[in-house]
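The values are calculated or read from the model by the stated rules, or taken from the named source; none is laboratory data. Computed from a prediction, not measured in an experiment: that's the story for all the values here. Positions of Cβ are generated from backbone atoms using ideal geometry, with glycine treated the same way; all protein chains shown enter the neighbour counts. What goes into the accessible areas is simple: the full protein's heavy atoms, side chains included, and nothing from ligands, DNA or RNA. Shrake-Rupley method; radii C 1.70, N 1.55, O 1.52, S 1.80 Å.
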Amino acid sequence: MNTPDHSGWGSAPAIHREAIATETARFVDVVKGASLATPVPSCPGWTLVDLVRHTGSVQRWFSVLLRQRVQEPPRSRDVELRLPASEDGYADWLTASAAEAASAFAGLDPDAPMWAWGADQHARFWVRRMLFETLMHRVDAELAVGLQPVIDRDLAADGVDEFLVNLPFAAFFAPKVNNLRGNGETVHFRCTDTSGDWLVHLRPDGFSVEAKAASTETTTSADAAIHAAAADLLLLMYGRLDRGADAFEVRGNEDLLTRWSANSEF
């Protein structure tokens, strides 16, 4: 499986670490100005306090995995969360969760071999995964309080790549991914405002993701295509936007796109 060559991401692990701190701080700003009982429409059944608790818990759990440099799937997800005694302590608790992560990153060799559920079996997988988990839930928090999320375009393109590259490995906890099979059909995704161009190949035994140089030939030869600004494409991948929105240029087999969107969640 190939991944895009984002030339600007040569020091990606460091960028990812810095972005986790930035995204958490933005998340905290939203939490401090809102009722934690606010429903989160993009995460049905959750309120802001659920969103904060989940995000901080993920940061703390991934930090434990990184400290231990786990070499096999962990048998338990139990971790000392040190949850606050009352809801008014959750903003500071989320800040402390990011500090736990920063501490785990100190002296971390991103190239260290490590078990990961996705494509990249190195410590950097968990840093990158933590970033986009944090970023997307920062977006959820902003959507919940009526703010319009803003996502850096290069970071968003990296997030689309992270999603697509890892999706084939997500079936063990997202079983619908097993439905993404076919007989050679292709779906093309392209960022229109920065680098990022992927061709998904559906096969009888699953699917693969190929990074490509943007070209008209790719677009016209694919069975279906979705092009959009990187931030919108990232929101689409995570089900926060619908492809019927004006932000998207959609071409080709609508049934294929419906099958993709119905089975590509993780």
Kirkwood-based Rg to Rh ratio, segment 159-262, C-alpha trace: 0.92
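Accessible area per residue for segment 159-262 in Å², computed with a 1.4 Å probe and the full protein assembly in place, what is it? Kindly include the intermediate steps, with their values, before the conclusion.
Values: 4460 Å² over 104 residues.
Per residue, segment 159-262 has an accessible area of 43 Å².
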Carbon + sulfur, % of accessible area of the chain - ligands and nucleic acids excluded, 1.4 Å: 49
Cα coordinate range in the chain, projected on the principal axes (Å, largest first): 56, 42, 34
Longest exposed-site-free window of the chain, the sites being trypsin sites (Lys or Arg not before Pro) in a DSSP loop that have at most 11 other C-beta atoms within 10 Å: 83-266
Principal axes of segment 13-150: Cα extent on each, largest first, Å: 41, 32, 26
Alpha-carbon Rg/Rh ratio, for segment 96-183, with Rh computed the Kirkwood way: 1.02
With all protein chains modelled, accessible area of residue 50 [1.4 Å, Å²]: 50
Accessible area in square angstrom per residue, segment 13-150, 1.4 angstrom probe: 46
